[in-house]
Amino acid sequence: MKLTIWDLFRFLLKGKWTVFTVTVLATVITLVLVNANQTYTAKTIIQYADNCVSEGYNLKGEAFDAKEIISPSVMLRVLEDTGRSSQKMDQIRNKITITPIYDTAKVALKEANQKNGVEYEYFPNTFCVEYDGTPSFEQTRSTLNSVINNYFDYYAKTYLYLASVKEIDYSLTEQDFDYIEQAELINNNIKSAVSALSSYSRDSDNYLSPTNGVSFNVLINNFNHIENYLLPEIFEKIYTGPVTKNKALIDNKYVERREEYLRNKESAEYLAEKTKEKMDAYVEANLTVPNAYHDSEAYSDAELGIIKDVDRTFKVTTERTLYDSLFKNYANSLAEARTNALLAEECDNVLKRFEENSNPEKTAANAAEVEALIEECLEELRPIYKDTFDVIDDYNASLVPKHITKLCDICYFPKYNYLLFALVGFIAGFGLSCILVIAFETYALFKKAEKNGKNS
Amino acid sequence: MATFLKNCLLRLFKLRYVIFLICAAIILALGAWGYNYFVRSKLITMTIELNYPGSEKGLNPDGSFFDITEFKSDFLIEKAKKGLQIEENDNEFLKTRLTFTTNVPNDVFDTVVESVENSETNVFLPTTYFLYYSQKDKFSKNETSAFMNNLAGAYTEHFNDKYTLKNDLLSFDENTYDLKKADYLEAYDLLYKKTTSMISLIESHEAKDNTFKSSEGYNLGMICDMLRQFKDINLANYNSFVVQNGVSRNNSLFVGRTERLIEDKTLDYNILAEEANVKKDALSDYDGNITANAFIPAVNEERDYYMARTKTGLDYVAEEAQSAQVRAAVLRAEVEELKNYNEKFSSHAFSAKENTKKADSMLENLTERLTELSSYAKKTDDEYLEHETRDYFKFKVYETSEIGVSFIIKITLLGILILCVLIITYDFFAEDRQKKFRQRERNAIEKAKKNLQV
């Protein structure tokens, strides 16, 4: 018996329904299997804007570590956000890969410098964060999104100098503080808030909070109003009473404070004097060191030579010299001594005010007024602090993108390509079914031929 | 070809096929309608387009990070489902029915990576998002569209509250401050600062769009000028009247308070002035010899180039002295102003009644005028903000009709077309089989005839 190519086509035509059914089944089974095992991978790119990261340090001056993206504190919050608190954090951590993206030009420069024996440091500041997720693309995407958002929060809280002010203790009057102590606490609190807000205002002059439309300057004005009207009235009432719960204690306190200021003054003066001595000694010692103005040949230490041509390959030292540091400390110590002297004088003034003869009736009236004024002051501070914290929260949220940012939105990809696998299933199903049909038909034909041969 | 097509069509016009096709069309139409009614119409898509400056960098208008997942916040879902049948559903459950996607081209990730590798900056953060919601209960009332529209409205409200510019600062009325209780000069201070902050806010908006005009014909520049006039003329007149006549609700309290303030500020001034003086004097202690002996280019033991920045100490201390001096000068001016007040107010033990009456009346007029100006300013600026933020968001909800005639027609036609092809193929093979069967029959008959003849 002889088979031609046309016989094969004839067999296929005969078994067309078998081929069709097997091919369809194979394709469907492949797709079902792929779907059952399908998982998604999500990835994004983040970049640090702070120059220190490119030098290998974080904003605290410690070695930079991008692995903090999957630090436990971040992962704990991710589990909470994604409603998977019962899971172990390592189940997610192990599936996250952080890959640095290198700037090829800088890598080449580093290699060239290293070849020439010159030290050149380069650290990438851009990272690809990849999460090998779950069968749900939505869950994969939202998990990585949560990782990134929580890491940004963590980075801001750990490394950024975020704005903050200290709120006043509203229960001040319930504690056993004297009137002047309460007034001083409020005064110091307001001064510290104004000082902090002024610094933020200098950094971002036109910043307006989107929550309440208030600027730092408006907040400063609100604090200043209390500082300029209510507080002087409180102090005035205290001093003209004079109003105190325990005069002896106040006297002791201000005497002690004055003595402390005087001690600080003497200490600062002593420090200034000694610093000046060091400065003079430093100048004296440097007179004999070889330099551009003194020929090095006259000195035995040839290593300490003079640079004729300044070569950029040398490391440039930009730190302040010791002499300049000494000089700065010297001037600050002198100023500190004067400040302490003035504060000691002020303590004397307070003591004198409390020494003045008091009229018991006026004192009692003033005490009642002081109490009421302090309560009023605290009540007025409450909404101001509320506005302040709203502004600060908004301001802090706007600071983060200036330090760290996403370069690309989260992209997600399926692990298995449906189309590709459908094609593979189709081809495999079609091929196998064709072979099967041909084999079966050929076998049947041989059987038939054999039977015919026997019959004949 | 024409003959072939004609032949194909003729095959379909057999009664049994026509009946089959009509039945199939009815079944297909019913199936398509069911699918459309129960599945397609319960799945809704909304596109969210961000059109404000900074959205291309993935930021909100206030500079914080934009986060699309905020759409799944509990408080937004709570608002969106209010009044609907799905109100009973748990928020967590509804969150699982909401899905986001973005239209990110496949190669964009690689492009961004490449640009980083080539020292370039290429950012791709989408400004269009797709939000899908699929209603779980297919047999209950279709609330997908209502839910999506509510969600869009709630988010817009939240976004405007949290991230866009506000102008609450422009609001002013007689209840803003308790001016009847405040002393006259204190009232001036409050109104002055309020007006200054109002001017500053409107100026910042004017700087962004100086051509804007409200529906009433005011522009922001005009409002600014009106407020400036109020500050420079009305308020200044009131201030000069109060100061020159020493008008206070309680002169002795005013003087006492001012004295306290003078003492406080004088102490601060003295501290700063002393710091400035001490540091200025310290400059002469800087030894000039050091610059010729230490601050020169040299090489240290590690052959590192060693060059300190010269005289930074001198610069630093001089700068500090100047800064202290500037702050001291400001305080000095404040102290002088307070002393001037004290001089004026201490010359009168009590303020004359006619003066306090006049001051009260002036203050009332100022309050009225500022209230009026505030209403113009607020109205104009509200319109400006509305104009500015009108296109910040664009939501488009793609609803699917519950009947879906076009979908039913499409599915039915497609089904009929496929069935026609199958019928023609089947008929072709059936005819072929019949021919072969007849041929075999004829052959068998002929063979039988031949056998009989033999």
Notebook entry, point to check: What aspartates and glutamates could a cross-link reach from B:LYS6, if we take a straight Cα to Cα line under 20 Å and drop same-chain neighbours fewer than 8 places away?
Noted result: B:ASP427, B:GLU431, B:ASP432
Next item on the list: Putting +1 on Lys and Arg Cβ atoms and -1 on Asp and Glu Cβ atoms, find which of A:TYR323, B:VAL112, A:ILE404 reaches farthest to the positive end of the dipole of the protein assembly as shown.
Entry: B:VAL112
Notebook entry, point to check: Label-point separation (nm) for A:ILE5 and A:ASN51, each offset 7 Å from Cα along Cα-to-Cβ?
Noted result: 7.4
Notebook entry, point to check: Can you sort A:VAL400, A:VAL243 so the residue with the fewest Cβ neighbours within 10 Å comes first?
Noted result: A:VAL400, A:VAL243
Check: Taking the simple approach of a point 7 Å from Cα along Cα-to-Cβ for both B:ILE418 and A:ALA365, what is their distance in nm?
Finding: 9.9
Item checked: Point-charge dipole on Cβ atoms (K/R +1, D/E -1) for the protein assembly as shown, about Cα centre, debye to 20 -> 9740
Next item on the list: Would you list which aspartates and glutamates come within 17 Å of A:LYS448, measuring only between C-alpha atoms, while excluding same-chain residues fewer than 8 positions from it?
Entry: A:ASP7
Check: Taking each full run of DSSP H in chain B as one helix, which ones are at least 15 Å long along their axis (Cα atoms) and have mean Kyte-Doolittle hydropathy of at least 1.6?
Finding: B:15-38
Check: What angle do you read, to the nearest 10 degrees and between 0 and 90, between the alpha-carbon axis of helix A:231-240 and the longest principal axis of chain A?
Finding: 30
Check: Using 0.36 nm per residue, how much length does the chain from A:ALA248 to A:ASN35 gain when fully extended, once their Cα-Cα distance is taken away?
Finding: 68.2 nm
Check: When the dipole is taken about the Cα centre of chain B, and only Lys, Arg (+1) and Asp, Glu (-1) are charged at their Cβ, what size is it in debye, to the nearest 20?
Finding: 4840
Item checked: Lys/Arg +1, Asp/Glu -1 at C-beta; the protein assembly as shown dipole; positive extreme among B:GLN244, B:CYS224, B:VAL326 -> B:CYS224
Next item on the list: Within 10 Å of each Cβ in peptide A:409-417, how many partner chain Cβ atoms are there on average? Round it to a whole number, please.
Entry: 4
Notebook entry, point to check: So, in Å, what gap is there between the alpha-carbon centers of the range A:109-179 and the range B:102-158?
Noted result: 25
Note to self: Which of B:LEU43, B:LEU15, B:LEU170 has the fewest other C-beta atoms within 10 Å, and how do the rest follow up to the most?
What the structure shows: B:LEU15, B:LEU43, B:LEU170
Notebook entry, point to check: Per the Cauchy relation, a quarter of the hull surface: what is the mean projected area of the convex hull of the alpha carbons in the range A:39-159, in nm²?
Noted result: 8.3
Margin query: Let's test the formula: R0 of 56 Å, r as the Cβ-Cβ distance of A:LYS166 and A:LYS115. What FRET efficiency results, to the nearest 0.05?
Written below: 0.55
Next item on the list: Determine, from the Cβ-Cβ distance of B:PHE429 and B:ASN122 and an R0 of 60 Å, the FRET efficiency 1/(1 + (r/R0)^6), rounded to the nearest 0.05.
Entry: 0.55
Item checked: Cβ-placed point charges (K, R +1; D, E -1), dipole of the range A:39-159 about Cα centre in debye, nearest 20 -> 280
Margin query: If you take every residue apart from A:ILE180 with its C-beta less than 10 Å away from the C-beta of A:ILE180, what net charge results, scoring Lys and Arg +1 and Asp and Glu -1?
Written below: 0
Notebook entry, point to check: Could you name the lysines in cross-link range of A:LYS352, using Cα to Cα under 23 Å and dropping any fewer than eight places away on the same chain?
Noted result: A:LYS237, A:LYS245, A:LYS247, A:LYS253, A:LYS265, A:LYS362, B:LYS265, B:LYS339
Next item on the list: Place the peptides B:198-211, A:10-23, A:108-121 in order of packing, highest mean first, counting for every residue the other Cβ atoms within 10 Å and averaging per peptide.
Entry: B:198-211, A:10-23, A:108-121
Note to self: Using helices alone, I'd like the mean residue ellipticity at 222 nm for chain A: each DSSP H run of four-plus residues gives -39500 (n - 2.57), total over residue count, nearest 500.
What the structure shows: -21500 deg cm²/dmol
Next item on the list: Please work out the Cα center distance from the range A:61-90 to the range A:182-260, rounded to the nearest Å.
Entry: 41
Notebook entry, point to check: What is the spin-label model distance, in nm, from B:ARG440 to A:SER198 if the labels are put 7 Å beyond Cα along the C-beta direction?
Noted result: 10.9
Check: Arranged by the count of other C-beta atoms within 10 angstrom, fewest first, what order do B:THR195, B:THR380 take?
Finding: B:THR195, B:THR380
Notebook entry, point to check: Quick one: if the Förster radius is 56 Å, what FRET efficiency do B:ASN250 and A:LEU322 give, using the C-beta to C-beta distance and rounding to 0.05?
Noted result: 0.40
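Just so you know, all these numbers are worked out from the coordinates, no wet-lab data involved. Note that the coordinates shown come from a computational prediction; the quantities given were computed from them, not determined experimentally. Every residue, glycine as well, gets a Cβ built from its backbone with ideal geometry; the counts of neighbours run over all protein chains shown.
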